[in-house]
Amino acid sequence: MAAAAAGPGPGSGPGDSLEGPEAEAPERRRKAHGMLKLYYGLSEGEAAGPDPLDPTDLNGAHFDPEMYLDKLRRECPLAQLMDSETDMVRQIRALDSDMQTLVYENYNKFISATDTIRKMKNDFRKMEDEMDRLATNMAVITDFSARISATLQDRHERITKLAGVHALLRKLQFLFELPSRLTKCVELGAYGQAVRYQGRARAVLQQYQHLPSFRAIQDDCQVITARLAQQLRQRFREGGSGAPEQAECVELLLALGEPAEELCEEFLAHARGRLEEELRSLEAELGPSPPAPDVLEFTDHGGSGFVGGLCQVAAAYQDLFAAQGPAGAEKLAAFARELGSRYFALVERRLAQEQGGSDNSLLVRALDRFHRRLRAPGALLAAAGLAEAATEIVERVARERLGHHLQSLRAAFLGCLTDVRQALAAPRLAGKEGPGLAELLANVASSILSHIKASLASVHLFTAKEVSFSNKPYFRGEFCSQGVREGLIVGFIRSMCQTAQSFCDSPGEKGGATPPALLLLLSRLCLDYETATISYILTLTDEQFLVQDQSPVTPVSTLCAEARETARRLLTHYVKVQGLVISQMLRKSVETRDWLSTLEPRNVRAVMKRVVEDTTAIDVQVGLLYEEGVRKAQSSDSSKRTFSVYSSSRQQGRYAPSYTPSAPMDTNLLSNIQKLFSERIDVFSPVEFNKVSVLTGIIKISLKTLLECVRLRTFGRFGLQQVQVDCHFLQLYLWRFVADEELVHLLLDEVVASAALRCPDPVPMEPSVVEVICERG
């Protein structure tokens, strides 16, 4: 850098050569900088940069190497001088390298440019020589061409005249030979060639028909043409050929000048005959005697036969009778609409035979081919509405399949219930236990869920991307939301809840024959649906069927609330049924016994043991499906309390008066007053989803029944003591099943107290004797 900067002399800076306006530019910049410094509040020392006139500035225009070295020697120590030298050597080497790179690059460019210019000069020199030779040759060719044209001018005019005469003679020869050619073509069956010959000569013969010779030719041709038209009509009316041959006959007849309206009617009549034959063939396949082909073969037959024939007829009609205008188009549309409706009726009859099947894959493939085949006639005959009618059939079949799958799910659910009934009713084999309620519940839940998934997978085929009708608005919106989600899934869940609730009818109807275990299982199933299954099923449905319809759908919370209400009703009915079973035992045991002549009690009655056993079995049964629940804190003497007509202060006060007939009113009055202050027991309170609540409800119903039966009987002394023993036995075992043991105590107190009220000689048994009898029992 020092070497580069040392090049210009001290007085040869660029500022010395500025003149005029260029000399004023630095002054203006300095003023602008000063104004900026004033605006930002900078001092002169802060804003000032290096002085451009400083001779010790390496990058300045007035750099002086000697002064720079003197300054370094004066101000810098030896170490800093060595560092400055090292840094300067590094910068010099970098500048040398950059300069060499620039020289090499420019040199290569200069050499390349020189070579290019040299090549261009050589190429242009050769091109100039070739252009000179080309110009010379063109001049020679032009001269020869002018001399040839001058020489052959006369011969060219004679040749042109002779060529015109020759062409005219050939035309005349064609006209004179025309009758024989037409006759030969008719004999050989080359009707198209004959019509083309006639078309070429018709205008000339019409123009020169006043000449006798041409008039004779025209008459002969007309006779031959009439015979040709007759043969074409005969061939057309026979109808043995296909649609292309029929169209060719009509085209030739139109070219011969036959009336288009008449040909149009005949063409449609012949086409109707062929298409009706295809329809009869399809109808024969639906007959009862031969085995009907599968639906895919049927649609293939109809698509290749009837639909293909209809496409050919429509295309040929539009090509032949385009001049008929809107009237002709409407005639063709009516023709296609009539035959298409008959074809659609046959297709629907065949599709109706598939409604009983469970597999949709073959049906969807058949509907896909049916819909694809009708695209072409739908485009050709838009006014006939064939494509729209085909789409309606597909949509109708899809709705019917959804209904079929809903019925299948209902049948599967009823089948699961039947299996559960059989498993509960079947006698247990020796040494083997039947399936438990938890296992039955898992089997039912998994079976129903697998049927739901299978139904979703089956109906999902209607929305597959490769299916031609899956992009229709119905299958992208209403089918997914209202059909699958609401109609199939939500409909089945509600149907399942309704079926389950039907078991909660009065005992005289369905409820009487329903096993209590089935009620318990259905209650748990509905509760599981409310907890997780409904949300899972609807989420799975929404993921598989991306709903693009804005129609309102049933919220998950609504379905969960319905399922929870169903579970609550089932569990409540289970409590009533089980309570009724135990109540019947207690009622019969009270009503069938003579309590006035009963012997002194020596043990607990068998019915009370049966009540405890049944309650224990119910506790085990409910515990298989429901959690324990919350109990109140139990007292330490719950199992030691004995029942006596004087066992509590309440009853002591109640029976403290004499039991002689002279004081019955006082005893009843005290009893009624005491009831006003006792806690009211709601026998049919709502049941919670836990074991304790269920057992509490059953025990309340049973003990309340016992209480009411006791109030209707009259007891002797020993009868009262037997009731006392039975109630103590029940208290020993029933308190552990309920949420609040005080409830059992209150009800049993009421039973003993009611028996004492109904006893003329209420002498209770000693509590110690009661305990001994119950322990022995």
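Just give me the residues in the range 542-570 being at pLDDT below 90 and surrounded by 19 or more Cβ atoms within 10 Å (Cβ to Cβ), in sequence order. If the condition is that a residue be at pLDDT below 90 and surrounded by 19 or more Cβ atoms within 10 Å (Cβ to Cβ), then Phe545 is the only one that fits.
Does Leu730 satisfy the condition of being under 30 Å from Asn690 (Cα atoms), crowded, with 22+ Cβ neighbours inside 10 Å and hydrophobic (A, V, I, L, M, F, W, C)? Yes.
Determine whether Glu354 is at pLDDT 85 or above and among the acidic types (Asp, Glu). The answer is no for Glu354. Among the residues making up the range 744-777, those that are open to solvent by less than 30 Å² (accessible area, probe 1.4 Å), assigned to a helix (DSSP H, G or I) and either among the aliphatic types (A, V, I, L, M) or under 14 Å from Asn603 (Cα atoms) (or both) are Val744, Leu747, Leu748, Val751, Val752, Ala753, Ala755, Ala756, Val770, Ile773, Cys774. Of the helices (runs of 4 or more DSSP H) that lie entirely inside the range 415-525, those containing 2 or more residues that are at pLDDT 90 or above and buried (at least 20 other Cβ atoms within 10 Å of the Cβ) span 437-460, 491-502. Of all residues in the range 682-722, those satisfying the criterion of being β-branched (Val, Ile, Thr), open to solvent by 10 Å² or more (accessible area, probe 1.4 Å) and in contact with a helix residue (DSSP H, G or I) (Cβ under 6 Å, 6 or more places away or on another chain) are Val683, Val687, Ile701, Thr705.
Considering only residues that are of a type in the set (Val, Ile, Thr) and out of contact with any Cys (no Cβ under 6 Å at 6 or more places or on another chain), look in the range 744-777 and name the one that is farthest from Gln722 (Cα to Cα). Going through the qualifying residues, I end up with Val744. Residues that are surrounded by 17 or more Cβ atoms within 10 Å (Cβ to Cβ) and aliphatic (A, V, I, L, M) were ranked within the range 616-633; the one that is nearest to the chain's Cα centre (by Cα) is Leu625.
Of the residues making up the range 571-587, not a single one is open to solvent by 90 Å² or more (accessible area, probe 1.4 Å), out of contact with any helix residue (DSSP H, G or I) (no Cβ under 6 Å at 6 or more places or on another chain) and more than 30 Å from Leu521 (Cα to Cα).
Scanning the range 87-115 for residues being open to solvent by less than 70 Å² (accessible area, probe 1.4 Å) and free of Cβ contacts under 8 Å to residues at least 24 places away in the same chain gives a total of 10. From the list Ser589, Ser535, Ser597, the lone residue that is assigned to a loop (DSSP other than H, G, I, E, B), among the small types (Gly, Ala, Ser) and either farther than 30 Å from Asn443 by Cα or at pLDDT 90 or above (or both) is Ser597. Evaluated against (1) part of a loop (DSSP other than H, G, I, E, B); (2) without any contact (Cβ under 8 Å) to a residue 40 or more places away in the chain; (3) under 30 Å from Leu757 (Cα atoms); (4) not β-branched (Val, Ile, Thr), Pro552 falls short on exactly one condition, (3). A single member of Arg399, Arg349, Arg421 is touching a Pro at 6+ places or on another chain (Cβ under 9 Å) and among the charged types (D, E, K, R), and it is Arg421.
Here Ala79 passes the criteria (1) open to solvent by less than 90 Å² (accessible area, probe 1.4 Å); (2) touching a helix residue (DSSP H, G or I) at 6+ places or on another chain (Cβ under 8 Å) except the one numbered (2). Among all positions in the range 92-102, there is no residue which is outside any helix (DSSP H, G or I), over 60 Å from the mean Cα position of the chain (by Cα) and at pLDDT below 90. On inspection, Arg373 passes the criterion of being farther than 30 Å from Ala412 by Cα and open to solvent by 20 Å² or more (accessible area, probe 1.4 Å).
The values are calculated or read from the model by the stated rules, or taken from the named source; none is laboratory data. These numbers were taken from a predicted model, which means no experiment stands behind them. Neighbour counts run over all protein chains shown; Cβ positions are idealised from the backbone, glycine included. Accessible surface areas use protein heavy atoms only, side chains included; no ligands, DNA or RNA. Shrake-Rupley method; radii C 1.70, N 1.55, O 1.52, S 1.80 Å.
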